[in-house]
1. Take VAL111 and decide whether it is away from the ligand (no atom under 12 Å from the Cβ), of a type in the set (Val, Ile, Thr) and modelled with pLDDT of 95 or more.
2. Can you go through THR276, THR267 and tell me which one is within 16 Å of SER322 (Cα to Cα) and over 18 Å from the mean Cα position of the chain (by Cα)?
3. Taking ASP122 and the conditions (1) modelled with pLDDT of 95 or more; (2) of a type in the set (Asp, Glu); (3) within 14 Å of the ligand (Cβ to nearest atom), which numbered condition does it fall short on, given that it satisfies the others?
4. Given the condition touching a residue at least 24 places away in the same chain (Cβ under 8 Å), surrounded by fewer than 19 Cβ atoms within 10 Å (Cβ to Cβ) and touching a helix residue (DSSP H, G or I) at 6+ places or on another chain (Cβ under 7 Å), answer yes or no: does some residue in the stretch 26-41 qualify?
5. Given the options VAL47, VAL69, name the one that is within 16 Å of the ligand (Cβ to nearest atom), free of Cβ contacts under 8 Å to residues at least 24 places away in the same chain and more than 19 Å from THR273 (Cα to Cα).
6. So which residues in the stretch 234-282 are of a type in the set (Asp, Glu) and under 18 Å from PHE294 (Cβ atoms)?
7. On the basis of being in contact with a Phe, Trp or Tyr (Cβ under 8 Å, 6 or more places away or on another chain), assigned to a strand (DSSP E or B), free of Cβ contacts under 8 Å to residues at least 60 places away in the same chain and not basic (Lys, Arg), does GLY145 make the cut?
Amino acid sequence: MSNQARQEFYQRIDAQHMTPLWEVLGALVPKAPTSPLQPALWRYADVRGHVMEAGRLITAAEAERRVLVLENPALRGNSSITQSLYAGLQLIMPGEVAPAHRHAQSALRLVLDGEGAYTAVDGERTTMRRGDFIITPAWTWHDHGNLGDQPVVWLDGLDIPTVRFFDAGFAEHGEQASQEATRPEGDALARYGNNMLPVDFAQAPSEPTKVFVYPFARTRDTLLAISRGAIDAHFGHKLRYVNPATGASPMPTIGAFAQRLPAGFETLPYRSTDSTVYVCLEGEGSADIGGVQFDFAPNDVFVVPSWHRLRLRAGSDTILFSFSDRPMQQALGLWREEKIPG
Ligand code: GTQ
């Protein structure tokens, strides 16, 4: 059949909203992931001024959430940093409240800048300290407030694009801006985060953790302690955050990790199918993402697309936080990684 005959055929079936698979099969079923995402880095020093300016243009109450969304350069207009995940920098000014709501989307916060804010989750407040990893599982009431005298900024990570993909989004506003505290601060961490559990408590692997704050002080101590032992050539000293009751990820859709790279250490190349968002909490260094070089410093955020080779180099002792959709891919039997020899 001539090419012209085929093109005419395609036009005729187009009217019936049909299209030939053979023209797109290679792209639909690739031999290996060919992510359209771009590697990208947001330098906190460059964007902090914009975040603060947003604080002069709109109140937290008016905005509901005053956030500048970090969009992957290849996905502009999609409110996505990867195909499945959203990230944004949220600002709350002294005296402000981001009102209570709940939604189908799961969220994490990584506190970056300023002191004096809190997040309340399901009746318990937690003070937000730099580096703390805080979660609000799907459909839990949450509100944020700032009782201090400094602007507070944190990184939000949500599964917004995933919930949108499933067309499964629901949300509700609370009756009060700030939810009533029904438990004292630290209660959940004491009950669920100390190698013990309430005697009659059991969870399915898909349920989120009751531990909704993973204090950075503990994470940091842990990373320093394991740094006295052997180092992994591809990861440095790296751990994943877990639901201590199940060993699964803290939330079913988002996995989170923390790693320490001693000064001068360079990881061997590594790739995995979960596009990953990294945040530098301490130190400085560089990331080679599929051959593109980025320098990072504290509070910088960068994104590594699926199946792109990553090499990390630490200029000084460095701590990185990261998150991805790995638990979803693992639940579906999709996740793959490759540790490339040096
Ligand atoms: O804090 O609840 O960045 O609902 C986007 C949506 C934060 C939040 C975001 C949200 C929130």
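The values are calculated or read from the model by the stated rules, or taken from the named source; none is laboratory data. Computed from a prediction, not measured in an experiment: that's the story for all the values here. Virtual Cβ from ideal backbone geometry, glycine too; neighbours counted across all protein chains shown.
1. Spelling it out, VAL111 is indeed away from the ligand (no atom under 12 Å from the Cβ), of a type in the set (Val, Ile, Thr) and modelled with pLDDT of 95 or more.
2. That would be THR267, the only listed residue that is within 16 Å of SER322 (Cα to Cα) and over 18 Å from the mean Cα position of the chain (by Cα).
3. Of everything listed in (1) modelled with pLDDT of 95 or more; (2) of a type in the set (Asp, Glu); (3) within 14 Å of the ligand (Cβ to nearest atom), ASP122 misses just condition (1).
4. The answer is yes, given that some residue of the stretch 26-41 is touching a residue at least 24 places away in the same chain (Cβ under 8 Å), surrounded by fewer than 19 Cβ atoms within 10 Å (Cβ to Cβ) and touching a helix residue (DSSP H, G or I) at 6+ places or on another chain (Cβ under 7 Å).
5. None of the others qualify; the one that does is VAL69.
6. Correct list: GLU266, GLU282.
7. Taking the combined requirement at face value, the residue satisfies it.
A quick yes/no check of all residues on (1) within 11 Å of the ligand (Cβ to nearest atom); (2) of a type outside the set (Asp, Glu); (3) surrounded by fewer than 21 Cβ atoms within 10 Å (Cβ to Cβ); (4) assigned to a loop (DSSP other than H, G, I, E, B):
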| position | (1), (2), (3), (4) |
| --- | --- |
| ARG102 | yes, yes, no, no |
| ILE135 | no, yes, no, no |
| ALA138 | no, yes, yes, yes |
| ASP149 | no, no, yes, yes |
| VAL153 | no, yes, no, no |
| GLU172 | no, no, yes, no |
| ALA177 | no, yes, yes, yes |
